Structure formats: structure tokens, C-alpha cells
1. If I ask for residues that are buried (at least 19 other Cβ atoms within 10 Å of the Cβ), closer than 30 Å to B:Tyr201 by Cα and in contact (Cβ under 8 Å) with a residue 60 or more places away in the chain, which ones from region B:260-295 would you list?
2. May I ask you to say which residue of B:Ser104, B:Ser122, B:Ser131, B:Ser117 is within 11 Å of chain A (Cβ to nearest Cβ), surrounded by fewer than 16 Cβ atoms within 10 Å (Cβ to Cβ) and within 29 Å of B:Ala65 (Cβ to Cβ)?
3. For region A:62-91, how many residues meet the condition of being aromatic (Phe, Trp, Tyr) and either assigned to a helix (DSSP H, G or I) or within 12 Å of another protein chain (Cβ to nearest Cβ) (or both)?
4. Collect the residues in region A:1-56 that are polar (S, T, N, Q), within 25 Å of B:Lys71 (Cα to Cα) and either more than 14 Å from chain B (Cβ to nearest Cβ) or touching a Ser or Thr at 6+ places or on another chain (Cβ under 9 Å) (or both), keeping them in residue-number order.
5. Those residues that are in a helix (DSSP H, G or I) and either in contact with a Gly (Cβ under 9 Å, 6 or more places away or on another chain) or surrounded by 18 or more Cβ atoms within 10 Å (Cβ to Cβ) (or both), I need them from region A:19-61; list them, please.
6. Looking at region B:152-161, which of its residues are surrounded by 10 or more Cβ atoms within 10 Å (Cβ to Cβ), without any contact (Cβ under 8 Å) to a residue 60 or more places away in the chain and more than 27 Å from A:Phe106 (Cβ to Cβ)?
7. When you scan region B:133-145, do you find a residue that is touching a residue at least 40 places away in the same chain (Cβ under 8 Å) and touching a helix residue (DSSP H, G or I) at 6+ places or on another chain (Cβ under 7 Å), even just one?
8. Which helices (runs of 4 or more DSSP H) sit wholly inside region B:42-96 and have at least 2 residues that are surrounded by 15 or more Cβ atoms within 10 Å (Cβ to Cβ) and within 14 Å of chain A (Cβ to nearest Cβ)?
Amino acid sequence: MNKLSELHLDALTEVFSIGAGRAALSLSEIVGDEVRISVPSVQVISSEEINSTTLSLNDGRFGAVSQHFSGPFNAEAVLLFTEDQALKIVSDMMGSQMSIDELAEFEHEAMCELGNIILNACLSAMADILNFTLNSSLPDYTVASADEILHRLKESSNQPYVMVLHIDLAIEKRHTAGNLVFLLSSASLTNLVIHVDQFLGKIS
Amino acid sequence: MNGISAKPFDMKDIFNTLNLGVCVVNADGKVLLWNNWIAKHSNVKETDAVNRSLEHVFSEPVSPAFLTALKNTLAYRLPVVLSTALHRTPLPLYNPSDTDQQQSRMYQSITITPIQSQLDESCCLIQVTDSSTSIKREKMLRSHSEILKKEATTDGLTDICNRRFFDAHYEMAVADAKRQKHPLSIFMVDIDFFKSYNDYYGHIGGDNVIKQVATALKSQLSRATDIIARYGGEEFVLVMPYLPREIAEQFAEKLRNAVFNLAIPHIKSRPYNQITISVGVCTGIPENDDNLLNKADTALYQAKLKGRNRCISLPLCEDEEYLEQ
């Protein structure tokens, strides 16, 4: 599993940081307040290695927004936040218009939108910088336990690779950490590497 | 829409009958399709919308977030959702049934999906649903489920917790006390000579006594951590964490007094001629298979044997009793 060098990972971190910047801008427009998103690291591991530590999953329940992508490479992208944090993010984004209780009815849709903004921003940055376009499904939102999530990630045996982006999101004073996970087939990973190589070839 | 005319339905009819707003714009943001739903709710006819820029079709401004989303979908071919929670009313759409002078905009959920036209032009399909009905429905379901949840855990006669709630709460309270190593007290309370009260005063009178006793016992509780439940016919149980054994004993005495002070006449009850209770209490830090509830029940049995209208306290483990003696 040495397809990706440090250089590749650096390039991907840069691409996703640009995506994160775009997502932050879109979110700031909606929230009317400064939103900062950063991607401190990108990791590519085999899905067998994935566990609660690599995803910093602890006990409790998680909100997961997922979209399926197809094109030069196929992937399922899943954005994970703890359920508590997900609720707080949504409540911050909505301002003080309603209580946490009332939020429940909006949570599902709002989380879909939040995930959609972050996922699309990362994808559009990849499209611009690495020069390919992908098709995507609409986002789905599910709430699950860490075990259920790990089980699902490991289940997809035709996607043996996992690209994990650690994401920091700050809205006003609240700071939240989440993970964006891309499930990749071996062919998809190879294609991704080819595109990153082309990009690196252009700049060197 | 022409390629599917062999179907038994005219797709245009279906398109116009849909109970959601559908519109298609091309890469320049010009409207290509505009269904009846969106015409009705925007008050803009299809003929006035088609071939005009979506942004300028309406007489009121469209939200900037909607325009950004549309632009992004056209540029990157990625689908976008605009949730009610974060946008409320991106498009100037109204419900014609609202007769108010000051109409308010309809709450909307919007999805924008990239599609290709048959001329291979990149377009966007915009779907709009009215989310005010789903918000109303969800509010109603939630208030129903709250009522049902309350009913499922409340005793119908006394309005205190029922046995089902107690069973679940007891298990959690014991687990908490075990984990945090703090004392837990269980009080078993039984109304003395209740059967003879029922026989003499009738069942309605009996029910009334149960209600009054439950209220008197409940009024003694002040901490959020404490609960009282109806355990069976004329039996009640209280669960209280963090009390030292002496305080628990004093509290049992308070319960007994509270009921005694109700001074409900009961001429078949000797020697007091009024309603009294017996209380069994067990306090301790639970370990392994210790059973606080059984111990409290044994204490209650002893209180009955020793003449009723009294409280008996037992420690959870026998060693403590030896130490105290």
C-alpha cells in the first residue's frame, strides 16, 4: 500500500484545503458569521486498518452524510461528526431561532446540506486542480454508532482503500472536529494517483 | 418530453400535475421548463417564465445562497440541497390559500440536480417542495409521541411513575451507584390494613386514599435525582441516591409522618383509627449481586410484623450491621 508518497499526500492536503476554504466561504454566507474550516491531514489506509482510533471515533452516536461519486474514479464519501456536535453545528448555523428540541425536525435536512456543501467544495477543488469532473448522488444523512459505522466501512470489500481527511470546523466560538472518509476501489485509487502525478508534473 | 409519447400518459400532464415545483434552467440560467405547481405558487405563468433568466422571472429578489448554489451546480455538475432549516424561503413562493393581506413566503426545501438536455446541453433540474406541511406534521407527531411517552411511564390513578418506569430506572440507578460507588436507598412503602379499608369504605374510597397517600409521599421529594413510583396495588417504592444511612432513616420517618398527618379516618385500623403506612428502607453501595429491593422488602415485612405505622431500616450487607452493633 505504497502507492502514495508524502508528496502525493501533501498535494491532496493542498487540494482539500482549497476545497475547505470554499466550503467555509459558502457556510459563512449562510450563517452570516465567520466560519473556518481546515484540513490538517490526509491519510490513505487500507480499509482493514480502519478502526475507531484512525477515525477518532469514541462512544456515542454519529451523524454521517454520504454521497456516491462516479466518473474517472468512483467513491463513496462519508462525512462524520458526533451526533451532539452535529446538533450544535446546526444550532449555531441557524442562530438562536429555535431550541435544541425544535432542532430535531430540521437536523436531518440541515446536516445533509452542511455535508453537501463540504463534500461538493472538496470535489469541485479536485475538479479544478486535478482536472476531472465527477457525477454525484444527492446526500443521505444517517445516525449510527461507531461500531455500525466501522462495520459499514469495512463491509464494502470492493473498495479496499480509505482516504481519511481530518476536518476542523469553527463557527463563532465553537470548534468541532470531524472526518471525511472516501471509500475507494483499487482502480479508483490508481486513477487518483495518476491525476495527482499529472498535477505534480505540471508544477515542477 | 417527446421521446416518451408512446406511454399511455402524456408526460406533460404528469409534469404539470406533480405536487412539487419543477423547473429546468439551462447553462445561461434561462428557464426551459416551468410546471403548474411553481406557476401557481409564484404567480408567474409558464409563458412569462420560459426563456427568461430565472433570477429575473420573479418580481421579488431570489436569495443569494440559491443563486450561488445554482451557479455551482452549473459549473461543477454536482447536486445541491438547500434545507428549510438554513434557508427558509429562498424563492418568492406563496400558498394561494393564505387569505391574509400580508402573505408570508412558503417554507421550502430545494434540490438542484445537473441534467443533460437531449441537445446535450448542460442544464439544472430544480425541485421545490413545500416544507411547511412536513414541519406541521412533525410537530404534531412529536407532541403525540410526548403524550404517549408520558402515558407509558405514568400510573393512571396517582399520576406518579408506574412500575414499568421504576423497573428501568432502578436498574440504571443501581448501575450508577455501583460505578460511582455512592450509596443508594430504596424505600418500600405499604398502606396498613388497606384491604379492610376497601372492604369497609368501598373501592372508590380506596382509590382516593391511594391518590392522597401518593401525593403526600411525592411532596416530600425535592431533588431531581429522586423518584417515587407505584409498585403494586397499595405499595409504593422510592429510589434516592447519595443519602447516608441515618439520613435515609430520618427521611423514612418523614414519609410516615406525612401520611399520618393526613389524618384519613379508618375505623378498621387498630389502634390509630386512621390511615398509616409501614416503611422498609435499605441503604448501601451496591456490589455484585446485592439486591437492595429484596432487602427493602424484608425491612417492610419486619415493620408490618412489629405492629405497622413504623419504619425499619436494614443495611445492604450484613457486615455493616455487625460493625454498627
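1. B:His266, B:Ser269, B:Ile275, B:Thr276, B:Ile277, B:Ser278, B:Val279, B:Gly280, B:Val281
2. B:Ser122
3. Adding up the residues that qualify gives 1.
4. Answer for region A:1-56, where residues must be polar (S, T, N, Q), within 25 Å of B:Lys71 (Cα to Cα) and either more than 14 Å from chain B (Cβ to nearest Cβ) or touching a Ser or Thr at 6+ places or on another chain (Cβ under 9 Å) (or both): A:Ser17, A:Ser26, A:Ser38.
5. Within region A:19-61, the subset in a helix (DSSP H, G or I) is A:19-31, A:47-49.
Result: A:Gly19, A:Ala20, A:Arg22, A:Ala23, A:Ala24, A:Ser26, A:Leu27, A:Ile30, A:Val31, A:Ser47.
6. Hits for region B:152-161 are B:Thr153, B:Thr154, B:Asp159.
7. There is at least one residue in region B:133-145 that is touching a residue at least 40 places away in the same chain (Cβ under 8 Å) and touching a helix residue (DSSP H, G or I) at 6+ places or on another chain (Cβ under 7 Å).
8. B:64-76, B:84-87
The values are calculated or read from the model by the stated rules, or taken from the named source; none is laboratory data. Fair warning: this is a prediction, and the values are worked out from it, not measured in the lab. Positions of Cβ are generated from backbone atoms using ideal geometry, with glycine treated the same way; all protein chains shown enter the neighbour counts.
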